[in-house]
Amino acid sequence: MIRQNSPMTVKQQAQLVLNLATPAILAQLTTTMMQYIDASMVGSLGAEASAAIGLIETTTWLLGSICSACAAGFYVQVSHQLGANDNATARNTLRQGIISVLITSALLGLLALCISPFLPAWLGGNNQINGTASAYFAIIALALPAFQFSMFASGMLRSSGNMIVPSIMSVVMMALDVVFNFFLIFPTRTLTILNTEFIIPGAGLGVIGAGIGTVSAELVAALISMYLLCFRSKVLSLRLDKGRFRPTYRIVKKALHIGLPMGLQQAVMCSAYVMTTIIIAPLGTIAIAANSFGIIVESLCYMPGYGVSDAATTLVGQSLGAGRKELMKRFAWISVGLGMIIMCIMGIVMYAGSPLALTMMTPDGEVQKLGVEILRIEAFAEPMFGASIICYGVFVGAAQTLTPSIMNLASMWGVRITLAALLAPSMGLRGVWMAMCIELCFRGIIFLIKLKCWKIR
């Protein structure tokens with residue numbers, strides 16, 4: 001309806017947002033569930049194993065964020081081109097994007113591999129967890145091209161309006177992760193089911209096994225997703241025509257225009273997360289583990305917001321490409337309203353369900369208690385966090401990423417890090433999460449103001 005320039009009622013727009021957001025929410029939730037499963041399996045090995053992953057977790061986010069920004073530089077262009085019914089140009093952008101993201105992820109992975117022996121010590125880790133943390137990070141670094149292509153393929157498919165395949169692949173990836181981890185993390189053991197004993201083989205690799213399992217699942221998902229994108233997509237299949245894979249100045253320049261502000265923002269944002277880790281590290285192993293588990297549980301709650309954001313990016317991008325600017329702005333507000341309602345519900349779920357979630361992730365009573373406390377602090381910020389997430393997705397769809405990126409950076413460094421550094425010495429991990437709650441509320445307010453004042457050119 002967007003591409004055909006057909007009129008749309010508010011009800012039809014809301015239904016379209018929901019239709020696209022639902023599979024996107026599922027995809028985001030299953031991706032986070034994979035982290036939850038990893039953490040639960042590793043958590044059974046003890047607080048030190050959990051702390052080893054938690055220590056370098058924020059740095060892995062940094063790598064993923066840069067890859068995500070690189071992919072966005074191309075799939076946002078494709079969204080605009082498809083909205084303008086210029087399918088041939090969209091396929092050409094896809095071809096050039098494949099080579100560009102391959103080079104970027106390979107170079108980034110090599111850099112990450114080189115720093116892996118030193119990273120845990122830089123982050124303030126102790127000798128008990130540093131060796132394991134280094135090995136885990138090295139595995140992630142080697143598999144970075146797989147992570148990159150998984151993001152790239154999902155973004156391209158969503159830009160074409162296909163939310164189903166990325167969702168299904170997220171479920172497949174989660175299932176594979178469980179299977180791989182089951183055999184890689186734990187040693188060979190005997191399980192009794194219905195009075196019958198079964199010998200279950202296992203590699204007994206612990207944290208290392210979790211890393212191998214995760215990247216193996218991601219690799220399978222990336223290969224399948226890229227195949228479906230390049231050979232089965234109705235509008236983006238490379239079989240439909242021939243084109244050049246060598247990147248051109250025009251396409252790469254536009255990708256940089258879209259992706260560079262996002263990449264710089266996400267790099268600096270993740271460096272703020274790294275700074276938060278440095279603030280938390282001196283608080284001890286219990287605090288590191290509780291923070292790691294808390295982040296994963298919180299992710300389950302805010303991922304629906306990212307699902308709505310993905311839908312908003314697609315709809316805004318296609319509306320802009322079709323030249324329907326008023327429709328674009330209505331999609332923006334409908335998406336933000338829907339997202340805030342969903343995130344309000346998720347905040348209530350987080351507050352009520354945090355004891356059960358922490359109990360499932362770790363047997364350590366101290367970690368459980370601290371994790372519940374920090375999650376209940378954060379729960380109050382979820383609606384405004386949702387507002388900032390979806391507003392940002394709107395601006396990404398409109399290829400206006402510079403000002404929103406600056407807003408994110410100012411909020412993160414000016415409010416969260418400053419408050420965390422001030423509150424951590426007296427309040428411990430609770431102070432760090434109090435700072436997070438205040439900052440997310442502030443960020444949501446400024447993004448709503450930005451959207452209200454948005455002048456479409």
- [ ] Looking only at the range 385-397, decide whether some residue is surrounded by fewer than 21 Cβ atoms within 10 Å (Cβ to Cβ), out of contact with any Leu (no Cβ under 6 Å at 6 or more places or on another chain) and either of a type in the set (S, T, N, Q) or under 30 Å from Ser79 (Cβ atoms) (or both).
- [x] no
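Could you check, for the range 220-238, whether at least one of its residues is under 18 Å from Trp61 (Cβ atoms) and either among the β-branched types (Val, Ile, Thr) or surrounded by 17 or more Cβ atoms within 10 Å (Cβ to Cβ) (or both)?
no
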- [ ] Could you tell me whether the range 81-94 includes any residue that is under 22 Å from Cys270 (Cα atoms), modelled with pLDDT of 85 or more, hydrophobic (A, V, I, L, M, F, W, C) and surrounded by 21 or more Cβ atoms within 10 Å (Cβ to Cβ)?
- [x] no
- [ ] Please go through the range 237-281 and pick out each residue that is under 30 Å from Ala121 (Cα atoms) and modelled with pLDDT of 85 or more.
- [x] Ile279, Ile280
Open item on the list: Yes or no: the range 341-348 includes at least one residue that is closer than 25 Å to Thr9 by Cβ and not charged (D, E, K, R).
Closed with: yes
TODO: Report yes if some residue within the range 188-196 is of a type in the set (A, V, I, L, M, F, W, C) and either crowded, with 23+ Cβ neighbours inside 10 Å or in contact (Cβ under 8 Å) with a residue 24 or more places away in the chain (or both); otherwise report no.
DONE: no
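Do the conditions hold for Ser40, that is, is it touching a residue at least 60 places away in the same chain (Cβ under 8 Å), hydroxyl-bearing (Ser, Thr, Tyr) and outside any loop (DSSP other than H, G, I, E, B)?
Criteria met by Ser40.
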Open item on the list: Quick test of your reading of the structure: Val349 fulfils all but one of (1) surrounded by 24 or more Cβ atoms within 10 Å (Cβ to Cβ); (2) over 29 Å from Leu157 (Cα atoms). Name the failing condition by number.
Closed with: (1)
Open item on the list: Against the definition (in a helix (DSSP H, G or I), charged (D, E, K, R) and buried (at least 18 other Cβ atoms within 10 Å of the Cβ)), how does Glu326 come out, yes or no?
Closed with: no
Open item on the list: Given the options Ser292, Ser271, name the one that is touching a helix residue (DSSP H, G or I) at 6+ places or on another chain (Cβ under 6 Å) and either over 17 Å from Cys391 (Cβ atoms) or among the polar types (S, T, N, Q) (or both).
Closed with: Ser292
Task: Test: residue in the range 150-171 that is surrounded by fewer than 19 Cβ atoms within 10 Å (Cβ to Cβ) and in contact (Cβ under 8 Å) with a residue 24 or more places away in the chain - done: yes
- [ ] State whether one or more residues within the range 376-384 are surrounded by 24 or more Cβ atoms within 10 Å (Cβ to Cβ), touching a Phe, Trp or Tyr at 6+ places or on another chain (Cβ under 9 Å) and basic (Lys, Arg).
- [x] no
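Could you go through the range 334-341 and let me know if any residue there is farther than 23 Å from Ile445 by Cβ, among the aliphatic types (A, V, I, L, M) and in a helix (DSSP H, G or I).
no
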Task: Entirely in the range 349-431, the helices (runs of 4 or more DSSP H) that have 2 or more residues that are β-branched (Val, Ile, Thr) and under 25 Å from Ser271 (Cα atoms) - done: 365-378, 382-397, 402-411
Task: When residues of the range 196-249 are limited to those that are part of a strand (DSSP E or B) and not aliphatic (A, V, I, L, M), the one nearest to Ser79 (Cα to Cα) - done: Gly202
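The values are calculated or read from the model by the stated rules, or taken from the named source; none is laboratory data. The structure presented is a predicted model; accordingly, all values stated were derived computationally and were not measured. Counting neighbours? That spans all protein chains shown, and the Cβs are built from the backbone with ideal geometry, glycine included.
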